[in-house]
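A quick write-up on the structure given underneath.
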Amino acid sequence: MRYAVISDIHSNLEALTAFFEEIKALDIGKTVCLGDVVGYNANPNECVELIRKNRILCVMGNHDSRATGIESASDFNLLAAHAVVWTSEALTPENAEFLKNLPRSLHVDKKFLAIHGWVNNTDSYIMGARDAERNFELMRSLEKPVNLCFFGHTHVPLAYVDAGRGVDMAVGDQVKVVKGASYLINPGSIGQPRDRDPRASFAVFDTKKSLVTFHRFEYDVHATAEKILAAGLPERLAERLKLGW
Ligand code: ZN
């Protein structure tokens, strides 16, 4: 089975549509989304509807919980908070209800764990080896321990590996998943990449080959940026997309 793992779509319809085109040639059995379907960009309903229509497995992100009123956005910066208010007004009741009911984590086919932030917390960021170490411990202490976990939230594609000698970062665009080691992998962001590369990012996990491969693809970033301005959302949200930041 080949899984596509995506995260942080953030209402970016052009990037999400291009993703579905991109995977046509990749023989994907299932797509899993690590949360933040909405927030920042201008097409929340269209993105939620594509997730629902394509029966994509999805966990809740911090923007999904703020935009649907489960939690308050008082801890968000001004740009993000502005987008949360705009999104909560734009979402249809059905789409808001779908987001509200998303789980905080998913064990996918007993193969891997899908989360947004930390194993035990949607809002926290895995920002370095120390955070990764804590999350490897959390993965081991689960009722059903896992050795592979995909997370989102930072919008930066990378992989942490714990092979018993402390936490390392994997280099290159492929990670071989071997027995006896544990992995925390971020596929990057579909809708708002933040590693100075404006191309959208996702990962493919091939269970037969035990291999995770990172993918990048271009989409019409200028169309997304124009929609942000037309919607009256902050100009900086349009500019950052072009910079990949
Ligand atoms: Zn996000």
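Only the coordinates and a few stated rules stand behind these numbers; no lab work does. Being a predicted model, the structure only gives us computed values, none of them experimental. Using ideal geometry, Cβ is built from the backbone for each residue, glycine included, and neighbour counts are taken over all protein chains shown.
Brief remarks on what is shown
- Listed by first and then second residue, the pairs with beta-carbon distance under 7 Å, at least 6 apart or on different chains, first residue in the stretch 128-142 and within 13 Å of ALA159 (Cβ to Cβ), second outside any helix (DSSP H, G or I) and of a type in the set (Gly, Ala, Ser), are PHE136/SER182.
- Scan of the stretch 23-51 for residues that are over 20 Å from ARG194 (Cβ atoms) and touching a strand residue (DSSP E or B) at 6+ places or on another chain (Cβ under 9 Å), ordered by number: ILE23, LEU26, ASP27, ILE28, GLY29, LYS30, THR31, VAL32, ILE51
- Residue tally, condition of a type in the set (S, T, N, Q) and in a helix (DSSP H, G or I), over the stretch 202-245: 1
- Sole exception among (1) more than 16 Å from the ligand (Cβ to nearest atom); (2) under 30 Å from ASP168 (Cα atoms); (3) in contact with a helix residue (DSSP H, G or I) (Cβ under 6 Å, 6 or more places away or on another chain) for THR122, by number: (1)
- For the stretch 221-240, a tally of residues being of a type outside the set (Gly, Ala, Ser) and without any contact (Cβ under 8 Å) to a residue 60 or more places away in the chain returns 6.
- Output for the stretch 186-220, where each listed residue is within 16 Å of the ligand (Cβ to nearest atom), touching a residue at least 60 places away in the same chain (Cβ under 8 Å) and of a type outside the set (A, V, I, L, M): ASN186, PRO187, GLY188, SER189, GLY191, GLN192, PHE202
- Candidate set: the stretch 148-185, residues that are within 12 Å of the ligand (Cβ to nearest atom) and within 23 Å of ASP220 (Cα to Cα); chosen: the one nearest to the chain's Cα centre (by Cα): GLY152
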